[in-house]
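What follows is a set of notes on a single structure, which appears directly below.
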Amino acid sequence: MSPVALKDNIYWVGAVDWNIRNFHGYSVQKGSTYNAYLVMDDRIALFDTVKKGFQSDLLHNIRRLVDPEKIDYIIVNHVEMDHSGALPEIVEIVKPKKIFCSANGKKALVDHFHREDWPYEVVDNGQEIDLGRRTVTFIETKMLHWPDSMFSYIKEDRLLISSDAFGQHWATSERFEDEVDEPELFRHGAKYFANILLPFSPLIQKLLKSVQELGLEIDMIAPDHGLIWRSSPEKIIAAYDRWSRQECSRKALIIYDTMWKSTEKMAKAIADGLLQEGVSIKLLNLEETHRSDIITEVLDAKGLVFGSATLNNSMLPTMADVLNYLSGLRPVGKIGAAFGSYGWSGEAVKDINKALEVMKVSLIDPGVRVKYVPAHEELRKCVELGRKIGRAIAAD
Ligand code: FEO
């Protein structure tokens, strides 16, 4: 990919990773990008780098614009290695006068690369640096996504370089959001939010308020992954407001795994009950659906119904995996219940209930257990469970 101009003398110089499919356990079926930005002013600044292995893409892009040795500053908005993996090689070549980062950023850089000798310059929230005709203001965004994270704002260009926030894992030849299909863009944006930023929702609410109070004029948002928001930055800001308030719709998920289709029969009967109460449903079989797609659906679902057969005195491993993953991402405000078939011991429902209590899911029923294969009467109980959950969702 070639450099792409965002503004006068401001360029995307990052890398497109067409082939990545697993981003630390998050399935990225359409790849990703590692965005880095070059601002060419009286002093030249590189904002973030790229993942290790993509440094030649970054250098090739920079060299089309300027000799890398002419870069004065490197700004590290975020230390996670998808943005800093190339840093040691880039520092060697660029020999920057300063590496700007947060206080936590400096600690994390030293812990990653063990280079006390780099020319770090720690910046505080609200601190400004002068590039010549432009000023960069640093905004601390601790935990979005790591303790070191910060935004860089260039007021003369009304440009927010937003690190992980407002990004998407989506490899495209296009660089701007108005060049791609909007519904697909927001699907990737929601998946990214659900898998990366959901646990930090209260911090995002605070950040959105403080950005409003600071009166920052933003006409472009340049994240470190995916498409750059140049035509409608307000749309992704509104989506982050909505997602971080964890607003739910009248939707329930039936998330299940099954051994001999008994639990699946129960799942379908529960779905019938939910539908009778006017709730939109999705059946998600864990053998077919990746955990990162489950959490994306969870984002706006009010009802979560989990079903597992009992295997070796416990829930099925796929169910343990997804509950562990969801628990870490801390969705809030959900209504739930459990169900499952069993042969002799039947612990799965009890164990799922325990996990849901830890997740603070409001359990509205002890759940339905069926020995071996559900008979008609037992399926009626499942329909009733669905209706009960449906009524609770409607009353919420
Ligand atoms: Fe894209 Fe938290 O790194």
Taking region 94-121 only, how many residues are surrounded by 18 or more Cβ atoms within 10 Å (Cβ to Cβ) and aliphatic (A, V, I, L, M)? 4
Within region 165-186, of all residues that are among the charged types (D, E, K, R) and crowded, with 22+ Cβ neighbours inside 10 Å, the one farthest from Asp48 (Cα to Cα) is Glu177
Identify the residue in region 154-163 that is more than 15 Å from Asp41 (Cα to Cα) and either buried (at least 18 other Cβ atoms within 10 Å of the Cβ) or within 16 Å of the ligand (Cβ to nearest atom) (or both) and, among all such residues, is farthest from the chain's Cα centre (by Cα). Leu160
Out of everything in region 126-147 that is within 16 Å of the ligand (Cβ to nearest atom) and among the aliphatic types (A, V, I, L, M), what residue ends up being surrounded by the fewest Cβ atoms within 10 Å (Cβ to Cβ)? Met143
I'd like to know if region 20-27 contains one or more residues that are surrounded by 21 or more Cβ atoms within 10 Å (Cβ to Cβ) and at positive phi. no
Let me confirm something: among Gly303, Gly307, which residue is of a type outside the set (S, T, N, Q) and farther than 17 Å from Asp396 by Cα? Gly307
Filter region 191-206 down to the residues that are out of contact with any Ser or Thr (no Cβ under 6 Å at 6 or more places or on another chain) and crowded, with 16+ Cβ neighbours inside 10 Å and list them by number. Tyr192, Phe193, Ile196, Leu197, Leu198, Phe200
If you take the residues in region 63-87 that are crowded, with 24+ Cβ neighbours inside 10 Å and under 14 Å from Val13 (Cβ atoms), which one is farthest from the chain's Cα centre (by Cα)? Ile74
Taking region 238-261, which residues are aliphatic (A, V, I, L, M) and either crowded, with 19+ Cβ neighbours inside 10 Å or within 16 Å of the ligand (Cβ to nearest atom) (or both)? Ala252, Leu253, Ile254, Ile255
Residues of region 58-104 being within 16 Å of the ligand (Cβ to nearest atom), in a helix (DSSP H, G or I) and either of a type outside the set (Gly, Ala, Ser) or at pLDDT below 95 (or both), in sequence order, are Leu58, Met81, Asp82, His83, Leu87, Asn104
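The values are calculated or read from the model by the stated rules, or taken from the named source; none is laboratory data. A quick note: this is a predicted structure, and the numbers were derived from the prediction, not measured. Note: ideal-geometry Cβ built from the backbone for every residue, glycine included; neighbour counts use all protein chains shown.
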